[in-house]
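Chemist: Before I ask anything, here is the structure I am working with.
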Amino acid sequence: MVTVKLSYPSPERNKGPILDVLRRVLPARGTVLEIASGSGQHAVFFSEHLPGIIWLPTDIAAERLESIQAWREDSSHSNILEPRRIDVLDDDWGIGTVEVVFSANLVHITPWECCLGLVEGARRHLKPGGLMIFYGPFRVGGKHTAPSNADFDESLRQRDPEWGVRNLETVRDAATGFKLEERIEMPANNQMLIFRRRRGAGNEKG
């Protein structure tokens, strides 16, 4: 069976602006756990440009895990690990502790409980003071940041009523044990949310 190396236009468009933010906020060294890595384009690009970082890509779908591995095998970078299958709703992701959890374009194309599972998993596996970083479209103050986001939100909900562009404040309030340190406006009406795990927060909620 021939492995399909997937390639999507969106990661090619947004990888540069996302990298600019990651360069500024990530620690000089450590492990980044990427949840829902998709094709693997981000993982290879970021690992290439962040040589002090170990990049751990993950996904839930077999075809995307195969694509990530194909991108990895075509890369000459030793700081990108073999992809792991992770379901954010699992009680234990089996990866120990990491410095950063990063996820792009996940919380709006999954049911709300997946966002909660992502936060809970980050709470379990992030070191105290570690970062949880989300990229994607969010409503701010209950309002869309652009008409195109409102149209996108409607199309998502037509595909699945449990999907949709989330309220930033709802995500922030769900991220108990974390402090929202920064919201960064990105191209194409997206946002990057930078959360820091509170020291001494443990695994508890609240």
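The values are calculated or read from the model by the stated rules, or taken from the named source; none is laboratory data. Just so it is clear, the structure is predicted and the values come from calculations on it, not from any experiment. Counting neighbours? That spans all protein chains shown, and the Cβs are built from the backbone with ideal geometry, glycine included.
Chemist: Working only within segment 74-90, note down all residues that are out of contact with any Lys or Arg (no Cβ under 9 Å at 6 or more places or on another chain) and either over 20 Å from Ala61 (Cβ atoms) or outside any loop (DSSP other than H, G, I, E, B) (or both).
Modeler: Initially, segment 74-90 is screened for residues out of contact with any Lys or Arg (no Cβ under 9 Å at 6 or more places or on another chain), giving 75-79, 84-90.
Ser75, Ser76, His77, Ser78, Asn79, Arg84, Arg85, listed by residue number.
Chemist: So, one more: Answer with yes or no whether Gly117 is under 18 Å from the mean Cα position of the chain (by Cα) and either buried (at least 17 other Cβ atoms within 10 Å of the Cβ) or farther than 22 Å from Leu50 by Cβ (or both). Walk me through how you get there before you give the answer.
Modeler: Numbers: under 18 Å from the mean Cα position of the chain (by Cα): yes; either buried (at least 17 other Cβ atoms within 10 Å of the Cβ) or farther than 22 Å from Leu50 by Cβ (or both): yes.
It is true that Gly117 is under 18 Å from the mean Cα position of the chain (by Cα) and either buried (at least 17 other Cβ atoms within 10 Å of the Cβ) or farther than 22 Å from Leu50 by Cβ (or both).
Chemist: For Arg72, are the conditions met, namely being surrounded by 16 or more Cβ atoms within 10 Å (Cβ to Cβ), basic (Lys, Arg), within 16 Å of the chain's Cα centre (by Cα) and modelled with pLDDT of 95 or more? Before you say what the answer is, go through the steps one by one.
Modeler: Working: surrounded by 16 or more Cβ atoms within 10 Å (Cβ to Cβ): yes; basic (Lys, Arg): yes; within 16 Å of the chain's Cα centre (by Cα): no; modelled with pLDDT of 95 or more: yes.
No; evaluated as a whole, the condition is false for this residue.
Chemist: Does Ala122 count as on the phi < 0 side of the Ramachandran plot, over 17 Å from the mean Cα position of the chain (by Cα) and of a type in the set (A, V, I, L, M, F, W, C)?
Modeler: Working: on the phi < 0 side of the Ramachandran plot: yes; over 17 Å from the mean Cα position of the chain (by Cα): no; of a type in the set (A, V, I, L, M, F, W, C): yes.
In short, no.
Chemist: Hey, Arg23 hits all of (1) farther than 24 Å from Phe152 by Cα; (2) in contact with a strand residue (DSSP E or B) (Cβ under 9 Å, 6 or more places away or on another chain) but one; which does it fall short on?
Modeler: (2)
Chemist: If the Cβ limit is 6 Å and pairs must be 6+ apart or interchain, which residue in segment 141-162 that is surrounded by 11 or more Cβ atoms within 10 Å (Cβ to Cβ) pairs with which residue that is part of a helix (DSSP H, G or I)?
Modeler: His144/Ala150; Thr145/Asn189; Ala146/Asn189; Asn149/Asn189
Chemist: What number of residues in segment 1-35 are among the hydrophobic types (A, V, I, L, M, F, W, C), more than 16 Å from Glu182 (Cα to Cα), touching a residue at least 60 places away in the same chain (Cβ under 8 Å) and in a loop (DSSP other than H, G, I, E, B)?
Modeler: 2
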